[in-house]
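One structure coming up, written as structure tokens, with questions to follow.
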Amino acid sequence: MTTAPRRTWYRPMRSRSSTEPHRASTPLELFFDLCFVVAVAQAAVLLEHDVAEHHFAHGIRSYFMVFFAIWWAWMNFTWFSSAYDTDDDIYRLSVLIAIVGALIIAAGIPRSFESGNFLIVTIGYSVMRFANVGQWIRAAVSDPAHRAAATRYAIGVTVVQVGWWLNLLVHGSTEYWVFLGLVVAELLVPIVAERPGMTPWHPGHIAERYGLFTLIVLGEAVLAASVAFEGGLGSGADAELIWLAAAGIVIVFAMWWLYFDRETAPTPRWNFLWGYGHYLIFASAAAVGAGVAVNVVHRTGEPHISDAAAGYAIAIPVAVYTLCVWGLHYVPHERGLLLFTPPVGVTLILLAPLWPATPQVIAVVLALVVAVTVVLTRRAVELSTDESYPQADPAD
């Protein structure tokens, strides 16, 4: 009878094998993701409020700024844990500190939307990032093979973090340009750090982690559809809300299907494009939930926006999500009609707000995209199987 190795307070932070079998998300990683639900929900709710009140530019700008902090902190933890998860007590405490940072970010999101004050968000972000710096220092000490990369990460994250604090001193339109410059700096840190030698992340583990976060952001759309059902089936039954809820459910089901029908893992050649490209997938998926909620408010309250604007609140994030999933999951692996089906669907989705019953039209179009994609994929698999099956010799 074998027993699991005893967990200790500290063990050297050596890199894990990128081919380790049966590598799956740990309970600590799942708990980390769960705590991020709060921040994602806060951002989606406030985006919905701004769009419903006709504050489009402010809402979209604030949403993408806040969501970057959420996504980037989550992504850095995910790739680091894939390479260096030791599961000792010090590692666990460091992750729990990072979770506190995520909760602080969630607490600061309302203030950032309402007044553009990012102080609390910056505090939470710093807590998460400096916890990550401590982990990279551990890796630099314990893993000589990747010491150069780990040291570059620790220095790069620290320098950019100082920039975020200096950004709080900038006001007016200049603030957004400084923000964009700091985003570029954040994105460059891994690219520069990995030059001496790539850290040994696990492709299957990374794919699973990204899939789990996709489920989290899709949950925002499920929640919005549930609210619509609740309103439609209440004491004053509203058939339009019921149809809206049904459309929302079909949309989120189709989004789930598109992502997980052709789930792919990053490769060393395309890992940065694959990892960074998911920012738009995650942000747009959560924004779909906000869009459905906007249409619920538009139907039940005093409208502050036009029907077309309410329709685009769903159409734009659905189109962005579909296009990005197509680009990351289908373009590198498919040929023929499969390369054209999603873009055609995206075009129709963006035209849907010009017609009545926009959410229902989007749901039908997206369902058709999924159906055509599934049929073409299955047919391609059958053809490849037939071609690879050894044919009988006519002379026999």
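Throughout, read-outs are computed from the coordinates displayed, never taken from laboratory work. Treat the numbers as computed from the prediction; the structure is a model and nothing was measured. Neighbour counts run over all protein chains shown; Cβ positions are idealised from the backbone, glycine included.
Mind ordering 289-297, 97-105 by average Cβ neighbours within 10 Å, highest first?
On the way: 289-297: 26.9, 97-105: 20.6.
Per-residue Cβ counts within 10 Å, averaged per peptide and sorted highest first, yield 289-297, 97-105.
Any chance you could list the semi-axes, whole Å, largest first, of the equivalent ellipsoid that the Cα gyration tensor gives for the range 108-153, using √(5λ)? Intermediate results must be reported in sequence, preceding the final value.
Details: eigenvalues 224, 13, 5 Å².
Whole-Å semi-axes of the equivalent ellipsoid: 33, 8, 5.
Given [x] 1.20; [y] 0.96; [z] 1.08 as candidate values of Cα Rg over 2.2 N^0.38 Å, which corresponds to the one derived from the coordinates?
Derived directly from the coordinates: [z].
If you wrap a convex hull around the alpha carbons of the range 1-89, what volume per residue comes out, as a whole number of Å³? Walk me through the intermediate numbers first.
On the way: hull volume 11.4 nm³, N = 89.
About 128 Å³ per residue, rounded to a whole number.
Mind listing the Cα extents of the range 121-248 along all three principal axes, in Å, largest one first?
65, 44, 21
Where does the range 203-384 land on Rg(C-alpha)/(2.2 N^0.38 Å)? Mind showing how you got there, number by number?
On the way: Rg = 16.9 Å, N = 182, 2.2 N^0.38 = 15.9 Å.
It is 1.06.
With a bin width of 10 angstrom, please list the P(r) values of the range 27-193 as percents of all Cα-Cα pairs, from the 0 bin to the one holding the largest distance.
10, 39, 34, 14, 3, 0
Determine Rg/Rh for the range 277-335; Rg is computed over alpha-carbon atoms and Rh is the Kirkwood hydrodynamic estimate from the same atoms. Numbers along the way, then the final one.
Values: Rg = 14.1 Å, Rh = 12.4 Å.
When Rh is taken as the Kirkwood radius, the ratio is 1.14.
Related question: For the peptides 208-217, 73-82, 193-202, what is the packing order when you average, over each peptide's residues, the other Cβ atoms within 10 Å and list the highest mean first? Show your work: numbers first, answer last.
Working: 208-217: 19.7, 73-82: 22.1, 193-202: 18.1.
Packing proxy ranking, top to bottom: 73-82, 208-217, 193-202.
May I pose another question? Defining a contact as two alpha carbons under 8 Å apart and six or more residues distant in sequence, what relative contact order in percent does the chain show? The partial results should precede the final answer.
Working: 506 pairs, mean separation 65.9, N = 396.
The normalised contact order for the chain reaches 17 percent.
Using the Kyte-Doolittle scale, find the helices of the chain whose mean hydropathy is at least -0.5 and whose Cα atoms extend 20 Å or more along the helix's long axis, counting only whole DSSP H runs. If you can, show how the numbers build up before the last one.
Values: long enough: 27-52 (38 Å, 1.45); 56-84 (41 Å, 0.69); 89-115 (39 Å, 1.29); 119-142 (34 Å, 0.95); 147-167 (30 Å, 0.52); 174-193 (29 Å, 1.76); 203-232 (44 Å, 0.89); 239-261 (32 Å, 1.67); 271-300 (45 Å, 0.83); 307-325 (27 Å, 1.57); 358-388 (45 Å, 1.15).
Passing helices, by number: 27-52, 56-84, 89-115, 119-142, 147-167, 174-193, 203-232, 239-261, 271-300, 307-325, 358-388.
If the only charges are +1 at each Lys and Arg Cβ and -1 at each Asp and Glu Cβ, what is the size of the charge dipole of the chain around the Cα centre, to the nearest 20 debye?
Details: 21 positive and 30 negative charges, 275 e Å.
Magnitude of the dipole: close to 1320 debye.
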